[in-house]
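Below you'll find the structure I mean.
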Amino acid sequence: MDLKKLVIEEFSGINAQRLYRKKANEGLWFSEEHFIKKYFKRKGRVLDVGCGTGRTTMPLAKMGFNVIGLDLTPMMVKAAREIARKHNLNIPYVQGDATHLKFKDDTFDYALFSNQGSTQIPGKENRAKALREVKRVLKPGGIFIFTAHPRHFFSEYFWFWRWQWIKQFILKPIGWKVDEIEYGDRFFDRETKSEGKTYKTKQYIHIPAISEVSQAVRESGLGLIEVNGSLHVRKGDTAKHPPVFYICKKKG
């Protein structure tokens, strides 16, 4: 299974495009705004990785940052350009792969990978490449903020993750067909005719343990200065497990 192709197809679907065009106008999450204001302390150049239709890119531009939006899916880039024009914003959006960034070393003061986008990069080594690439294009002292869903094994998801463990480490070695490449991978349902379904194909995501992500950050050479999963997407949100924010800094 070509998971990279699957991710592109997923976000190119009609319903996915409809959903994310609407989301473009939602602006920053409460938690995103908190960490951006805390760590992006002066105006500078920002790389918005996995920008989608510009939900985070447009607010950053309005805050005075020199921001470039990058996304793997051509349809997302096309939509982001159209939406920015409607808002009279001159934002450069480019199609690109986070594991092979086409920017020179030490280009950006900051980088952002929002909405758990980094966890839709398939494969541990590819996610490691993305971290190394972000480190490369950041200036010394540059800040990188990204998020991931937390994996809670001892929770209401205990039986789900136990079954995933059995598939990965017991059934797969003896020849069972298992779509998941690694423990932590998960697939959501395919799109139906219902407008409530957003994806054209299976939706792939990797849900990591906090220790897994923290180790990957350290191995990339970035410094990890804060890990925080206590702030919700919106004020008053009652979600039991909000996204975990990882705040990284390029040494220098």
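Give the residue, chosen from Lys102, Lys62, Lys86, that is closer than 19 Å to Pro140 by Cα and charged (D, E, K, R). Break it down stepwise before answering.
On the way: Lys62 fails: closer than 19 Å to Pro140 by Cα; Lys86 fails: closer than 19 Å to Pro140 by Cα.
After ruling out the rest, the residue left standing is Lys102.
Have a look at Phe169, Phe146, Phe154 and point out the one that is at pLDDT 95 or above and not in a strand (DSSP E or B). So that I can check it myself, show each step before the final result.
Working: Phe146 fails: not in a strand (DSSP E or B); Phe154 fails: at pLDDT 95 or above.
Phe169 is the lone residue from the list that is at pLDDT 95 or above and not in a strand (DSSP E or B).
All but one of (1) more than 26 Å from Ala239 (Cα to Cα); (2) in contact with a strand residue (DSSP E or B) (Cβ under 9 Å, 6 or more places away or on another chain) hold for Leu89, so report the exception by its number.
(2)
Name every residue in the range 205-252 that is under 18 Å from Glu125 (Cα atoms), in contact with a helix residue (DSSP H, G or I) (Cβ under 8 Å, 6 or more places away or on another chain) and either of a type in the set (Gly, Ala, Ser) or not in a loop (DSSP other than H, G, I, E, B) (or both), in order of residue number. Spell out how you get there, then give the answer.
Narrowing the range 205-252 to residues under 18 Å from Glu125 (Cα atoms): 205-222.
Remaining after also requiring in contact with a helix residue (DSSP H, G or I) (Cβ under 8 Å, 6 or more places away or on another chain): 205-208, 216-217, 219-222.
Scanning the range 205-252 gives Ile205, His206, Ala216, Val217, Glu219, Ser220, Gly221.
Going through the range 1-44 one residue at a time, which ones are small (Gly, Ala, Ser), modelled with pLDDT of 90 or more and part of a helix (DSSP H, G or I)?
At the first step, the residues of the range 1-44 found to be small (Gly, Ala, Ser) are 12-13, 16, 24, 27, 31, 44.
In the following step, the residues that additionally are modelled with pLDDT of 90 or more were identified as 24, 27, 31, 44.
Result: Ser31, single match.
Another question, if that's okay. In the list Ile68, Ile91, which residue meets the criterion of being of a type in the set (Val, Ile, Thr), assigned to a loop (DSSP other than H, G, I, E, B) and either over 24 Å from Val227 (Cβ atoms) or modelled with pLDDT of 95 or more (or both)? Walk me through it before giving the result.
Numbers: Ile68 fails: assigned to a loop (DSSP other than H, G, I, E, B).
When all the criteria are applied, what remains is Ile91.
Which numbered condition trips up Phe103, out of (1) in contact with a Phe, Trp or Tyr (Cβ under 7 Å, 6 or more places away or on another chain); (2) hydrophobic (A, V, I, L, M, F, W, C); (3) within 23 Å of Lys129 (Cβ to Cβ)?
(1)
Determine if the range 5-19 includes at least one residue that is under 22 Å from Gly142 (Cβ atoms) and of a type in the set (Ser, Thr, Tyr). Write out each step before concluding.
Kept after step one, since they are under 22 Å from Gly142 (Cβ atoms), are these residues of the range 5-19: none.
No, because not a single residue in the range 5-19 is under 22 Å from Gly142 (Cβ atoms) and of a type in the set (Ser, Thr, Tyr).
Quick check on the range 122-161: of everything there that is basic (Lys, Arg) and under 14 Å from Ile207 (Cβ atoms), which residue is surrounded by the fewest Cβ atoms within 10 Å (Cβ to Cβ)?
Narrowing the range 122-161 to residues basic (Lys, Arg): 124, 127, 129, 132, 135-136, 139, 151.
Okay, now just the ones that are also under 14 Å from Ile207 (Cβ atoms), so 124, 127, 151.
Values: Lys124: 15, Arg127: 24, Arg151: 22.
Here the answer is Lys124.
Tell me which of these Asn115 doesn't satisfy, since it passes every other one: (1) at pLDDT 95 or above; (2) in contact with a Pro (Cβ under 9 Å, 6 or more places away or on another chain); (3) within 20 Å of Val7 (Cβ to Cβ).
It is condition (1) that Asn115 fails.
Further question: Do any residues in the range 227-252 that are within 16 Å of Lys37 (Cα to Cα) have Cβ atoms under 8 Å from those of residues that are among the charged types (D, E, K, R) and assigned to a strand (DSSP E or B), where the two are at least six apart or on different chains, and which pairs are they?
Pairs found: Phe245/Glu226; Tyr246/Glu226; Ile247/Glu226.
The values are calculated or read from the model by the stated rules, or taken from the named source; none is laboratory data. Source: prediction; values computed, not measured. Cβ atoms come from the backbone with ideal geometry, glycine included; neighbour counts cover every protein chain shown.
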